[in-house]
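**Student:** If you scroll down you'll find the structure; I have some questions about it.
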Amino acid sequence: MRKNETILDNIDWSLILLYFVLTILGLFNIYSASFNEEYPSIFSFSQEYGKQIIWIAISMFLGFIVLLLEKDVLWKYAYWFYGFCMFLLVAVLFTREINGARSWLGVGSMGIQPSEFAKLGTAIAISAYISGMNIKLQSQRSAFYANMIVVFPMLLILLQPDAGTFIVFTSFLWVFYREGISYDFILGSLLRLIPFVDHTRIKVGSNFIPLLVVSGILVVSTLLLSQSSIQLFGYALDGYWGLIVSIGVFLILALIVVRLTVMLRERKKLYYVLIVAAIASSSLVFAVNSVFGYLKSHQKERIELFLGLDEDPDGKDYNRNRAMAAVGSGGFFGKGYHEATLASPQQGHVPMQSTDFIFCTLAEEWGFVGGLIVLSLFIVLLFKIIQIAERQRSTFTRVFAYSVAVIIFYHLAINIGMTIGLAPVIGIPLPFFSYGGSSLMSFTMMLFVLAKLDSERKNVFR
Amino acid sequence: MNSLEYRKFVVLFFFLITAGVFSVRMFYMQIIDDKWKLRAEEISKYKMTTYPSRGIVYDRNGNKLIANETYYDIMMIEEEIKDFDTTLFCNTFKLSKEDLIRTYESMVEKQGKDKKGKSNYRKFKPYALISGLSSDEFSKIATELQKFPGFFENIRTLRKYPQNSGAHVLGYMNEVDGDILAKEAYYRMGDYIGRTGIENYYEVELRGQKGVQYLMKDARGNISGSQEESKYDTAAIPGRNLELTLDADLQTYGELLMKGKIGSIVAIEPSTGEILAFVSSPTYDPNLLIGKKIGKNFLMLQEDSLKPLFNRPLQAKYPPGSTFKLVTGLIGMEMGVVDSNRAFSCIKSLVNCHGHPTAMSMSDGVKYSCNPYFYQVMSRIVQQGKSRSIFKDSQLGLAEWYEYVKSFGLGQPLNIDLSGDIPGFIPDVEYYNKKYNSAWAFSTIYSISIGQGEVGVTPIQMANLACIMANRGYYFVPHLIKSIKGKDISERFKEKHYTKVRPEYFRPIVEGMYRVVHEPGGTARRARTEGLDVCGKTGTAQNPHGEDHSIFIAFAPKNNPKIAIAVYVENAGFGGTWAAPIASLMIEKYLTGEVKQEVKEKRILEKNFLIDPSIH
């Protein structure tokens, strides 16, 4: 390592490039989604697209500042930053309610949403805590504190209330999973209440987390699809068959991938895991669907209400119905830029189309091809972040990178999922695409902090 | 820590499987399944049909027979209704609350249901709540209407029949039903179609062509622009105007004369086959059958015991009575079994007759309408002695006779330009063989010689027979169409149809018809009209429904005739008493434009058979 090496030499430029591509695509998508004929220039600062340019500029400025920081500032001041975010989360509860929630600090359109920054603050704090633990992670105390760092902001967010961000915070489970934080102490204390069970012999570790999350997703998707039907090979099938078919398709793809990439002696075990997983998830889908079918109507109604499902496409199900119609009408190549007929500001069929339902404009104007390209870009970004995470010698950076990856992934999955009818309608932004300063600043700083930490990977040993 | 590193694969696998499921889902939604595309069209597109104005119908003198009048539908979009004041609304539209609820429910019901049994009614779409308000009615509530958000008017045109006459010619229109919707792609729910008369026969010409505008609508259902620069829009093509052969004045006058009588008048211009008047009595005001009142009024007319909806000139089958003697005489001469100077004595033992001098010629026979005279002509037609068997001989004769009669346009529909004309009936050999088991001769069937028995004709066929007499041997298919704007009328109306009787044989018959009216002892002295040379023949048809039908066919003037006419007055007795004077008044009205025979006219106008059935 030479002394005159600058930070610019060590930065992972592919990460920065991905950020720029996504942000610029997002800006042009907003330019179409909220286009106003009276202000045709993209630099109309009274319009959302003009404002988004300002937000991009501010975000990049903040990102640039982050790159210039001293190398250990972040983990030195991690808890201060976390504390500041928690203070904002408390402060926001004393503001006036807007649309049934207290989420905004500041005035008018230039206000900020503390909950967006709380994700960043929590990610930094959890990285600092886990990397700073000199005791074994599996100890009850440290596992408990690690969980409390996440649970505390979640409770504050629940008070706003902001269900979307609340769910996003559960993504930290994946970070704990990766770091091996055990939940045995919680299970153990629960099992202690049951007589004749030796709780000390219960050892589940954190392996239940992915199973829990995947099962949760399958349950929600099955319920969402339970009332629809699909046409396959000329047969009309119940909607949940779409999931089964997807699982089947994915199993075959996964088997092929394993065969091509994994060493021979590892293969057999993986084949076994994949097939068991596929059978298990299919069974779960079947089971949920049939149990739902047996439920009494008022129980069904409660579940449908929770998922935002309703038979009335022009009433309670209006948002989802319009969003899905916009996506579906895009076809293979889409209707063309500025040519949307549903997700168009003049027609106004899709509500909140520059923020929560921004993906509609993309999918309608650029079709399946455009949607797939953007989805792939996100997956490439996520893989890149995981790749960065795994090349660190620093636990702090790895934990932070995992946090960023799963937060972005949850936003992606819930946002796109709800526009294509695979997730309940929960209002959270699509990173880099939805209009709004807070989320753009927050995601920008996440990536730039990551880039900064990564650039130090050769000299940081913690 | 190393033991945990494999977990990155679980995380990546989770990312991938989600992206994979999303891709499959997007592929299915955007490419395989059409459901969301159809839904998007339903939400964002609006196919607006523009309606052409229906063609206007004129008579031969340029008087409007059918016009268009503007009407208003009160439309509603349920979603946009705000602060609805039921009482004020009901007062404005003069409805009771129950009526309003019933109207609303029937409107919703009319939209039908989808496969799942859910109503097709949509709260965000406009529907006609109240339809068919006249301009007057609408102007009274126009300002009030603005007080009801969610309600607005839709302008529509309906037919109007300014002459208040000619109902059976003009016909009526109503909403298309399921049968028509299934058969003809042009029509949509709520469209109107001509059901009878000219409105029906010339439907395609009159309706024009609907236009289409493809529009965009926004989330609130407002039209927000056109689609693809209106590339696929088509303009509505207005319907064609028609000129009918009818003479509105004559038609109205005919209906006036027939008031209080059941029957028909058909008047035709012999040189062209153009129908001048077409009266079916009792008649009705065609304006009864338009707009919202059609349902109620149609039911009323349908239940009337005098059957005003029945198109008598076209569909009523009567015996021709003595008018048929003209045909018998002509065929006899053409076949050579008699000549025009042949005398037959009035032998009442053959067939009953009234007192008159002996008919010394064919012309006399017509003048006196001598039954035994034509009995003897017919017996020579049917039994020519060509076969030794009397049965066989009769069959040969009748078969020959049948072909001649057919050439007069009898026993088959004339196919005029109104639908529903019936063939009438002329008995043939096969018919009698069946009826009498092949054992019949002239003596069995003699009553057909004087137009009784099985012979059945319609008034339009009788008027056509008058034309043949006027033209001395040919006719044009009677028709109502004179011209169609921008299109030729059918060639078949310009084609001469010759009878199988040569023109020279018509001279003595026509002479007889002239003498019927003009000479003492003629049967239709009441048809005489100064200076008009009316030639005619009376008929008195015995029938099973009561008094004889009074029949008269005529044409005038004798040379170069301008009008041929047939008059039927049901159960009115002798042909010369009622039908003949009616015919002469019609002829006078048409040829001179006015009626000077006031006494005669008064007698007809005052006669009402419906309240006073006596025939004199």
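**Student:** Quick check: is even one residue across the range B:42-52 surrounded by 21 or more Cβ atoms within 10 Å (Cβ to Cβ), within 14 Å of chain A (Cβ to nearest Cβ) and either over 30 Å from B:E137 (Cα atoms) or at pLDDT 90 or above (or both)?
**Tutor:** Applying the first criterion (surrounded by 21 or more Cβ atoms within 10 Å (Cβ to Cβ)) to the range B:42-52 yields B:43-44.
Applying the additional criterion that residues be within 14 Å of chain A (Cβ to nearest Cβ) yields B:43-44.
Adding the requirement that they be either over 30 Å from B:E137 (Cα atoms) or at pLDDT 90 or above (or both) leaves B:43-44.
Yes, the range B:42-52 has at least one match.
**Student:** Let me ask something additional. Being exposed (fewer than 14 other Cβ atoms within 10 Å of the Cβ), away from every other protein chain (no Cβ under 12 Å) and assigned to a helix (DSSP H, G or I) is the filter here, so list the residues in the range A:229-267 that pass it.
**Tutor:** If the condition is that a residue be exposed (fewer than 14 other Cβ atoms within 10 Å of the Cβ), away from every other protein chain (no Cβ under 12 Å) and assigned to a helix (DSSP H, G or I), then A:I256, A:R259, A:L260, A:L264, A:R265 are the ones that fit.
**Student:** Which numbered condition trips up B:S340, out of (1) assigned to a helix (DSSP H, G or I); (2) touching a Pro at 6+ places or on another chain (Cβ under 6 Å); (3) small (G, A, S)?
**Tutor:** Of the numbered conditions (1) assigned to a helix (DSSP H, G or I); (2) touching a Pro at 6+ places or on another chain (Cβ under 6 Å); (3) small (G, A, S), the odd one out for B:S340 is (1).
**Student:** From the list B:K82, B:K8, B:K37, pick out the single residue that is assigned to a loop (DSSP other than H, G, I, E, B) and more than 30 Å from B:R159 (Cβ to Cβ). Before you say what the answer is, go through the steps one by one.
**Tutor:** Numbers: B:K8 fails: assigned to a loop (DSSP other than H, G, I, E, B); B:K37 fails: assigned to a loop (DSSP other than H, G, I, E, B).
Criteria check complete, one pass: B:K82.
**Student:** What helices (runs of 4 or more DSSP H), lying completely within the range A:37-152, carry at least 1 residues that are in contact with a Gly (Cβ under 7 Å, 6 or more places away or on another chain)?
**Tutor:** Values: elements: A:48-68, A:73-76, A:78-91, A:114-132.
In the range A:37-152, the matching helices (runs of 4 or more DSSP H) lie at A:48-68, A:78-91.
**Student:** Yes or no: the range B:71-82 includes at least one residue that is closer than 30 Å to B:L276 by Cα, at pLDDT 85 or above, β-branched (V, I, T) and buried (at least 18 other Cβ atoms within 10 Å of the Cβ). Before the answer, list the steps.
**Tutor:** As a first pass, look at the range B:71-82 and keep what is closer than 30 Å to B:L276 by Cα: none.
No, the range B:71-82 has no match at all.
**Student:** Also, quick follow-up: Within the range A:20-36, which residues are modelled with pLDDT of 95 or more and either closer than 13 Å to A:M441 by Cβ or not in a helix (DSSP H, G or I) (or both)?
**Tutor:** A:T23
**Student:** Taking B:K307 as meeting all but one of (1) free of Cβ contacts under 8 Å to residues at least 60 places away in the same chain; (2) buried (at least 24 other Cβ atoms within 10 Å of the Cβ), write down the number of the exception.
**Tutor:** For B:K307, the exception is condition (2).
**Student:** Out of (1) in a helix (DSSP H, G or I); (2) touching a residue at least 40 places away in the same chain (Cβ under 8 Å), what's the single condition that is false for B:V501?
**Tutor:** The failed condition is (1).
**Student:** Select, from B:G132, B:G62, the only residue that is at pLDDT below 85 and either outside any helix (DSSP H, G or I) or more than 14 Å from every other protein chain (Cβ to nearest Cβ) (or both). Show your work before the answer.
**Tutor:** Details: B:G62 fails: at pLDDT below 85.
Going through B:G132, B:G62 in turn, the sole match is B:G132.
Yes/no per residue for (1) at positive phi; (2) crowded, with 19+ Cβ neighbours inside 10 Å; (3) among the small types (G, A, S):
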{"site": "B:S131", "(1), (2), (3)": "no, yes, yes"}
{"site": "B:E137", "(1), (2), (3)": "no, no, no"}
{"site": "B:K140", "(1), (2), (3)": "no, no, no"}
{"site": "B:T143", "(1), (2), (3)": "no, no, no"}
{"site": "B:Q146", "(1), (2), (3)": "no, no, no"}
{"site": "B:E153", "(1), (2), (3)": "no, no, no"}
{"site": "B:Y161", "(1), (2), (3)": "no, yes, no"}
{"site": "B:G166", "(1), (2), (3)": "yes, yes, yes"}
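Matching residues to (1) within 14 Å of chain A (Cβ to nearest Cβ); (2) of a type outside the set (F, W, Y); (3) in contact (Cβ under 8 Å) with a residue 24 or more places away in the chain; (4) under 30 Å from B:T234 (Cα atoms):
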site: B:G20; (1), (2), (3), (4): yes, yes, no, no
site: B:V24; (1), (2), (3), (4): yes, yes, no, no
site: B:D114; (1), (2), (3), (4): yes, yes, no, yes
site: B:F124; (1), (2), (3), (4): yes, no, yes, yes
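**Student:** Given the criteria assigned to a loop (DSSP other than H, G, I, E, B) and within 14 Å of chain B (Cβ to nearest Cβ), does A:G421 qualify?
**Tutor:** Numbers: assigned to a loop (DSSP other than H, G, I, E, B): yes; within 14 Å of chain B (Cβ to nearest Cβ): yes.
It is true that A:G421 is assigned to a loop (DSSP other than H, G, I, E, B) and within 14 Å of chain B (Cβ to nearest Cβ).
**Student:** Which count do you get for residues in the range A:168-180 that are more than 15 Å from B:V10 (Cβ to Cβ) and either more than 11 Å from the chain's Cα centre (by Cα) or crowded, with 18+ Cβ neighbours inside 10 Å (or both)?
**Tutor:** Taking the range A:168-180 as the starting set, the residues that turn out to be more than 15 Å from B:V10 (Cβ to Cβ) are A:168-170, A:172.
Pick out the ones that are also either more than 11 Å from the chain's Cα centre (by Cα) or crowded, with 18+ Cβ neighbours inside 10 Å (or both) and you get A:168-169, A:172.
Residues flagged as more than 15 Å from B:V10 (Cβ to Cβ) and either more than 11 Å from the chain's Cα centre (by Cα) or crowded, with 18+ Cβ neighbours inside 10 Å (or both) within the range A:168-180 amount to 3.
**Student:** OK, next. Could we say that B:T523 is within 23 Å of B:E255 (Cα to Cα) and not in a strand (DSSP E or B) here? Give the derivation first.
**Tutor:** On the way: within 23 Å of B:E255 (Cα to Cα): no; not in a strand (DSSP E or B): yes.
Spelling it out, it is not the case that B:T523 is within 23 Å of B:E255 (Cα to Cα) and not in a strand (DSSP E or B).
**Student:** Within the range B:564-596, how many residues are surrounded by fewer than 19 Cβ atoms within 10 Å (Cβ to Cβ) and touching a Leu at 6+ places or on another chain (Cβ under 7 Å)?
**Tutor:** 2
**Student:** Looking at (1) surrounded by fewer than 18 Cβ atoms within 10 Å (Cβ to Cβ); (2) away from chain B (no Cβ under 14 Å); (3) at pLDDT 85 or above; (4) in contact with a helix residue (DSSP H, G or I) (Cβ under 9 Å, 6 or more places away or on another chain), which is the one condition that is false for A:H199?
**Tutor:** Among (1) surrounded by fewer than 18 Cβ atoms within 10 Å (Cβ to Cβ); (2) away from chain B (no Cβ under 14 Å); (3) at pLDDT 85 or above; (4) in contact with a helix residue (DSSP H, G or I) (Cβ under 9 Å, 6 or more places away or on another chain), the lone unmet condition for A:H199 is (3).
**Student:** So if I check each of A:A123, A:A118, A:A101, which one is free of Cβ contacts under 8 Å to residues at least 60 places away in the same chain and closer than 23 Å to A:T170 by Cβ?
**Tutor:** On the way: A:A123 fails: free of Cβ contacts under 8 Å to residues at least 60 places away in the same chain; A:A101 fails: free of Cβ contacts under 8 Å to residues at least 60 places away in the same chain.
Every option except A:A118 fails the conditions.
**Student:** Among strands (runs of 3 or more DSSP E) lying entirely in the range B:174-270, which contain 2 or more residues that are under 25 Å from B:F124 (Cβ atoms)? If you could, list the steps in order and put the result at the bottom.
**Tutor:** On the way: elements: B:192-194, B:211-217, B:223-226, B:242-244, B:263-269.
Where strands (runs of 3 or more DSSP E) fall fully within the range B:174-270 and carry at least 2 residues being under 25 Å from B:F124 (Cβ atoms), they are B:211-217, B:223-226.
**Student:** Now a separate question. Quick check: anything in the range A:354-366 β-branched (V, I, T), surrounded by fewer than 24 Cβ atoms within 10 Å (Cβ to Cβ), assigned to a loop (DSSP other than H, G, I, E, B) and more than 9 Å from chain B (Cβ to nearest Cβ)?
**Tutor:** First, pick out the residues of the range A:354-366 that are β-branched (V, I, T): A:355, A:358, A:361.
Subsequent filtering for residues that are surrounded by fewer than 24 Cβ atoms within 10 Å (Cβ to Cβ) retains A:355.
From what's left, assigned to a loop (DSSP other than H, G, I, E, B): A:355.
Still in the list and also more than 9 Å from chain B (Cβ to nearest Cβ): A:355.
Yes, the conditions are met somewhere in the range A:354-366.
**Student:** Quickly run through the range B:334-377 and pick out the residues that are among the aliphatic types (A, V, I, L, M), under 41 Å from the mean Cα position of the chain (by Cα) and surrounded by fewer than 22 Cβ atoms within 10 Å (Cβ to Cβ).
**Tutor:** The initial filter retains those residues of the range B:334-377 that are among the aliphatic types (A, V, I, L, M), namely B:335, B:337-338, B:343, B:347, B:350-351, B:359-360, B:362, B:366, B:377.
Checking the rest, the ones that are also under 41 Å from the mean Cα position of the chain (by Cα) come to B:335, B:351, B:362, B:366, B:377.
Selection gives B:M335, B:V351.
**Student:** Next question, about the same structure. Which residue pairs have Cβ atoms under 7 Å apart, sit 6 or more places apart or on different chains, and have a first residue in the range A:368-385 that is facing another protein chain (nearest Cβ under 7 Å) and more than 13 Å from B:G20 (Cα to Cα) and a second that is assigned to a helix (DSSP H, G or I) and hydrophobic (A, V, I, L, M, F, W, C)?
**Tutor:** That search, which allows pairs on different chains as well, returns A:F368/B:M26; A:F368/B:F27; A:F368/B:I31; A:L382/A:A405; A:L382/A:I408; A:L382/A:F409; A:L382/B:F15; A:F383/B:L12.
**Student:** Another question, if that's okay. Could we say that A:Y410 is touching a residue at least 12 places away in the same chain (Cβ under 8 Å), at the interface with chain B (Cβ under 8 Å from one of its Cβ atoms), hydroxyl-bearing (S, T, Y) and closer than 25 Å to A:S115 by Cβ here? Break it down stepwise before answering.
**Tutor:** On the way: touching a residue at least 12 places away in the same chain (Cβ under 8 Å): yes; at the interface with chain B (Cβ under 8 Å from one of its Cβ atoms): no; hydroxyl-bearing (S, T, Y): yes; closer than 25 Å to A:S115 by Cβ: yes.
For A:Y410, the condition - touching a residue at least 12 places away in the same chain (Cβ under 8 Å), at the interface with chain B (Cβ under 8 Å from one of its Cβ atoms), hydroxyl-bearing (S, T, Y) and closer than 25 Å to A:S115 by Cβ - is not met.
The values are calculated or read from the model by the stated rules, or taken from the named source; none is laboratory data. As the structure is a prediction and not an experimental result, all values here were calculated from the model. A quick note on method: Cβ atoms are made from the backbone with ideal geometry, for glycine too, and the neighbour counts reach across all protein chains shown.
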